[in-house]
1. Report, by residue number, each residue of segment 68-85 that is over 21 Å from residue 131 (Cα atoms) and over 14 Å from the mean Cα position of the chain (by Cα).
2. Of a type in the set (Ser, Thr, Tyr), buried (at least 20 other Cβ atoms within 10 Å of the Cβ), over 16 Å from the mean Cα position of the chain (by Cα) and at pLDDT below 95: is that true of residue 103 in this structure?
3. Can you name the residue in segment 87-114 that is of a type in the set (Ser, Thr, Tyr), in contact (Cβ under 8 Å) with a residue 24 or more places away in the chain and in a strand (DSSP E or B) and, of all such residues, is farthest from residue 69 (Cα to Cα)?
4. Which residues, counting only those in segment 94-108, are in contact with a Gly (Cβ under 6 Å, 6 or more places away or on another chain) and not hydroxyl-bearing (Ser, Thr, Tyr)?
5. Report whether or not residue 130 is hydrophobic (A, V, I, L, M, F, W, C), touching a residue at least 12 places away in the same chain (Cβ under 8 Å) and either in contact with a helix residue (DSSP H, G or I) (Cβ under 6 Å, 6 or more places away or on another chain) or under 23 Å from residue 67 (Cα atoms) (or both).
6. Could you list, in sequence order, the residues of segment 34-47 that are surrounded by 15 or more Cβ atoms within 10 Å (Cβ to Cβ), out of contact with any Lys or Arg (no Cβ under 7 Å at 6 or more places or on another chain) and within 28 Å of residue 151 (Cα to Cα)?
7. Just checking, how many residues over segment 86-106 are over 22 Å from residue 132 (Cβ atoms) and of a type in the set (Lys, Arg)?
8. Considering 109, 41, 76, which residue is closer than 30 Å to residue 164 by Cβ and in contact with a Phe, Trp or Tyr (Cβ under 6 Å, 6 or more places away or on another chain)?
Amino acid sequence: MSTPMQRTNFFDQEVVSLPLKYLAGGTEVSTGFVLPTNSIIYPDEMFVIVDTLDATETLDVGILSSEAGGDADGFIDGISVATAGFIKPAVTITQGTNANYISATTFGILFLAAACLGANVAAQNAVPVFTPYVCDGTAKTISYTPSSSDTFIGRLVFRVHVYPF
């Protein structure tokens, strides 16, 4: 006979929405949201909703850089906030004369290793290999950095998976 597992303080697969706004251009801002140890965020489950656009600016999202292992642009790196609405990170595949390759991305290195980027030489990788972020309990606070915006307002939306181990 199996016994159902009881979950206490367990929020598996909850969708999190964190407010984002211009506070100081180029300065990393802590959201105050702390990921639980062993929680997982998948790259295809994180995006930005731009409520008030800023035509010439970008946004980085990551783990607070003052934490050990933190990376301020580890999730989203340089995503444009010039269009209102739902914005997802993306990769750019370039067709070169020698190979198709990943020439640019707005996914940060916590989701897409820098080694996936290539150049127009033979045997380059044109298939992005994404990895989920698993919180180790040390690098855990979500942060964002607007480039130099003065009007941007939006929301960071992502799903947090917490497993009972």
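The values are calculated or read from the model by the stated rules, or taken from the named source; none is laboratory data. As the structure is a prediction and not an experimental result, all values here were calculated from the model. Positions of Cβ are backbone-derived with ideal geometry, glycine not excepted, and every protein chain shown enters the neighbour counts.
1. Passing the criteria: 81, 82, 83, 84, 85.
2. No; evaluated as a whole, the condition is false for this residue.
3. So, considering only residues that are of a type in the set (Ser, Thr, Tyr), in contact (Cβ under 8 Å) with a residue 24 or more places away in the chain and in a strand (DSSP E or B), the one farthest from residue 69 (Cα to Cα) is 94.
4. Scanning segment 94-108 gives 102, 108.
5. When the stated conditions are applied, residue 130 passes them.
6. 43, 46
7. Of the residues in segment 86-106, 0 are over 22 Å from residue 132 (Cβ atoms) and of a type in the set (Lys, Arg).
8. 41
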